[in-house]
Amino acid sequence: QKGNIAIAIDGPAAAGKSTVAKIVAEKLSYIYIDTGAMYRALTLKAINQGIDLENDQAILEVLMHTVIELKQSEAGQVVLLDGKDVTNEIRFQDVTTKVSHVAKHASIREEMVQRQQEMANDRGVVMDGRDIGTHVLPDAEVKIFLIASVEERAKRRYEENIKKGIASSMEELKKEIEERDRIDTNREASPLIKAKDAIEVDTTSLSINEVAGEILKAVAKI
Ligand code: CDP
Ligand code: CDP
């Protein structure tokens, strides 16, 4: 593999994007950028300020006065919202069910994409999200589209919750994932779609390491 490249990882909710992106970034000593965390942080702030989430102008106004930082620490990635650690808060149910409504607005996406492109710059980068291969890094040398059955994805979130000590219902998780995928796929502004030149990997029956291995294989071919 020659020099530092950009790796774009897209796909629906809970397909394993962030988990494998982190592993790949570590293996290559690249930076990892979780773009979903940025939309989640903005959603958290808009909720706390009581903003109407259908009002894109009001949300954009909030975003223009918001600093979102992704920092690597020994404990993993930390998300700072105006300097405050919101790493755990942005995964709460309320944010999860509302984030797609914030992310569907074209003006919000435009500003986010600009910030994400600046963060990537020309460093070696692994970036995950919904529109990375299609809009944020259209020239990425490696594009991956991760999918898995919705049952498997709900099961993964369920098990993740158990580890965190959170009680949840598999049926509810499945509904929430399907609803978010529906909004993300059907929105007008850069919807969730596989880039023409992306490699699709069905992770339904693959382990985390197997998925990371597939991506590293694609990187080695560059
Ligand atoms: O990790 P999980 O699949 O739960 O979601 P995420 O990656 O944290 O993204 C949360 C939401 O942000 C998605 O459902 C999308 O609505 C939005 N998003 C987006 O529109 N574009 C991105 N590049 C990343 C996330
Ligand atoms: O970022 P995204 O929402 O796509 O998914 P994730 O948060 O990375 O992964 C969701 C859960 O699935 C995590 O708990 C992973 O450990 C798990 N996972 C898995 O069990 N098998 C895989 N091949 C990939 C992820």
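Annotations
- Leading residue by the ranking (surrounded by the fewest Cβ atoms within 10 Å (Cβ to Cβ)) among those in region 167-222 that are among the small types (Gly, Ala, Ser) and part of a helix (DSSP H, G or I): Ala220
- Residues of region 1-44 satisfying the condition of being within 18 Å of the chain's Cα centre (by Cα), among the charged types (D, E, K, R) and more than 14 Å from Leu70 (Cα to Cα): Asp10, Lys17, Glu26
- Qualifying residues in region 4-60 (those that are on the phi > 0 side of the Ramachandran plot and in contact (Cβ under 8 Å) with a residue 60 or more places away in the chain) - the one surrounded by the most Cβ atoms within 10 Å (Cβ to Cβ): Gly11
- If you filter region 110-165 down to residues that are within 13 Å of ligand 2 (Cβ to nearest atom) and part of a loop (DSSP other than H, G, I, E, B), you find that the one that is surrounded by the most Cβ atoms within 10 Å (Cβ to Cβ) is Arg130.
Rundown of residues vs (1) under 22 Å from Thr43 (Cα atoms); (2) over 16 Å from the mean Cα position of the chain (by Cα), yes/no style:
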position: Ala106; (1), (2): yes, yes
position: Met119; (1), (2): yes, no
position: Gly124; (1), (2): no, yes
position: Asp131; (1), (2): yes, no
position: Val142; (1), (2): no, yes
position: Glu152; (1), (2): no, yes
position: Ile162; (1), (2): no, yes
position: Ala167; (1), (2): no, yes
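- Glu200 being of a type in the set (Asp, Glu) and within 12 Å of ligand 1 (Cβ to nearest atom): no
Quick note: the coordinates plus some simple rules give every number you see, no bench work behind them. Note that the structure is predicted; figures quoted are calculated from it, not measured. Virtual Cβ from ideal backbone geometry, glycine too; neighbours counted across all protein chains shown.
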